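Written out below as structure tokens is the structure these notes cover.
The values are calculated or read from the model by the stated rules, or taken from the named source; none is laboratory data. Because the structure is a prediction, the values reported are computed rather than measured. As a convention, Cβ positions derive from the backbone with ideal geometry for all residues, glycine included, and neighbour counts pool all protein chains shown.
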Amino acid sequence: MKRIYIFAAILLPLLLTSCDENEQFRGELYKKVIYLLSTDDYTFESEHDFGQETTGYVTVYCGGTQHIDHDVTVTLEPDPDAVHDYNYMYYDVDESRYAHTLDASQFTIDSYQTVLKADSEDNYALLPIKIRPDGLSPDSIYFIPLRIKSVSDYEVNPDKQKVLYQIVLRNKYATMAQTTYYQVTGIENRHLADGDVAGGISVTRIFAPLSANQVRCFAGTNTYNPSNVSKAEIDRYAMTLTINSDNSITIAPFGNLEVEMLGGAQDNYFEVDSRGRYVFHLHYRYKDTVAGETAWIEMTESCVQRK
């Protein structure tokens with residue numbers, strides 16, 4: 001009997017503790033918390049096409065194992081400090097790499113309120129943002145910083161109460177969502193003082209979108225790493241390709257590169273090949289310093305989209 005009493009005395013507190021933990025766990029499961037969808041650094045990327053107004057969305061979630069039984073209104077507001085915090089965290093005093101708050105002229109938010117609906121099967125609501133990306137640079141980061149201002153019910157997750165909505169640029173030919181590569185083959189002819197030197201080339205080239213019908217790439221066999229390319233490199237080697245309505249291409253310098261288009265539309269044109277790949281046929285020359293000697297370098301090449 002003593003052993004039974006001792007066992008019961010030991011078992012009873014354990015059972016009570018277990019019940020308390022189960023109740024706490026059950027409470028956590030059913031707890032509803034409002035938050036904004038983002039990555040760990042509060043960013044949320046959305047692609048937007050040059051040449052048109054497109055709509056993206058900020059997503060407001062309600063966590064918990066059970067669906068809400070009444071509508072919940074969530075109000076957002078601008079959060080300018082969020083961009084400052086992001087720049088300080090990632091770039092410190094290197095202001096040349098700072099992200100920018102998107103200018104108000106390039107986006108529209110009709111309402112900063114959205115509603116989580118009790119009669120919807122979804123546990124999220126969307127807040128639409130209209131984006132007009134023309135004029136933005138592929139070399140910069142653009143954010144619309146937002147945070148939760150108020151909710152009509154439930155708690156707000158303090159670790160997910162803000163979002164940096166990032167505008168990712170793209171056009172038909174290239175996107176900044178990931179690096180866009182084209183495989184380049186052709187002939188390079190270096191016009192040196194002591195004679196011409198020609199040879200075949202095969203190089204991977206990066207294309208970046210500039211507008212609805214323009215892309216940027218480096219001339220010749222010059223390449224770069226998109227994560228650490230400098231503005232000086234871009235200024236020295238980058239050229240702009242404009243795809244005209246008849247699919248002819250116009251070549252022009254992007255920065256201080258000396259570049260001249262050679263031939264006409266029969267030598268510089270865009271097409272889609274039999275495999276559905278985009279192809280740029282180019283004929284141009286650009287000036288560069290080779291072994292201490294400034295020379296014209298003539299290129300005849302085809303740039304084929306890598307998928």
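Summary table
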| quantity | calculated |
| --- | --- |
| Some residue of segment 294-301 being among the aromatic types (Phe, Trp, Tyr), within 15 Å of Asn189 (Cα to Cα) and crowded, with 20+ Cβ neighbours inside 10 Å | no |
| Any hit, segment 264-272, residues being more than 30 Å from Arg97 (Cβ to Cβ), assigned by TED's automatic domain parsing to the domain that holds Ser211 and among the aromatic types (Phe, Trp, Tyr) | yes |
| Test: residue in segment 59-70 that is modelled with pLDDT of 95 or more and touching a Lys or Arg at 6+ places or on another chain (Cβ under 7 Å) | no |
| Test for Ser245: is it at pLDDT below 95 and under 26 Å from His48 (Cβ atoms) | no |
| Number of positions in segment 229-266 that are surrounded by 14 or more Cβ atoms within 10 Å (Cβ to Cβ), in contact with a Gly (Cβ under 8 Å, 6 or more places away or on another chain) and not in a strand (DSSP E or B) | 3 |
| Answer residue from segment 68-92, given it is among the aliphatic types (A, V, I, L, M) and either without any contact (Cβ under 8 Å) to a residue 40 or more places away in the chain or surrounded by 12 or more Cβ atoms within 10 Å (Cβ to Cβ) (or both) and is nearest to Ile141 (Cα to Cα) among those | Val83 |
| Hits in segment 108-119 - residues which are out of contact with any Asp or Glu (no Cβ under 9 Å at 6 or more places or on another chain) and either under 22 Å from His84 (Cα atoms) or surrounded by 14 or more Cβ atoms within 10 Å (Cβ to Cβ) (or both) | Ile109, Gln113, Thr114 |
| Lone unmet requirement of (1) within 14 Å of Met299 (Cβ to Cβ); (2) outside any strand (DSSP E or B) for Lys287 | (2) |
| Output for segment 43-67, where each listed residue is among the small types (Gly, Ala, Ser), more than 19 Å from Asn157 (Cβ to Cβ) and surrounded by fewer than 18 Cβ atoms within 10 Å (Cβ to Cβ) | Ser46, Gly51 |
| Selected residue (criterion: nearest to Ala238 (Cα to Cα)) from residues of segment 267-284 that are part of a loop (DSSP other than H, G, I, E, B) and in contact (Cβ under 8 Å) with a residue 12 or more places away in the chain | Asn268 |
| Subset tally (residues that are of a type outside the set (Phe, Trp, Tyr) and either loosely packed, with under 14 Cβ neighbours inside 10 Å or closer than 18 Å to Thr185 by Cα (or both)) for segment 197-225 | 18 |
| Test: Ala99 is assigned by TED's automatic domain parsing to the domain that holds Pro133, closer than 25 Å to Tyr154 by Cα and modelled with pLDDT of 85 or more | no |
| Matching residues, segment 200-228, being hydrophobic (A, V, I, L, M, F, W, C), in a strand (DSSP E or B) and either touching a residue at least 24 places away in the same chain (Cβ under 8 Å) or in the same structural domain as Gly51 (by TED's automatic domain parsing) (or both) | Ile201, Ile206, Phe207, Ala208, Leu210, Val215, Cys217 |
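Yes or no, residue by residue, for (1) touching a Lys or Arg at 6+ places or on another chain (Cβ under 9 Å); (2) closer than 26 Å to Ser137 by Cα; (3) not assigned by TED's automatic domain parsing to the domain that holds Gly292:
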residue: Val184; (1), (2), (3): yes, yes, no
residue: Ile187; (1), (2), (3): no, no, no
residue: Thr242; (1), (2), (3): no, yes, no
residue: Ile251; (1), (2), (3): no, yes, no
residue: Arg277; (1), (2), (3): yes, yes, no
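Listed here are the residues, each with its yes/no results for (1) among the basic types (Lys, Arg); (2) within 24 Å of Phe50 (Cα to Cα).
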position	(1), (2)
Arg205	yes, yes
Ala208	no, yes
Glu233	no, no
Ile251	no, yes
Glu271	no, yes
Val279	no, yes
Gln305	no, yes
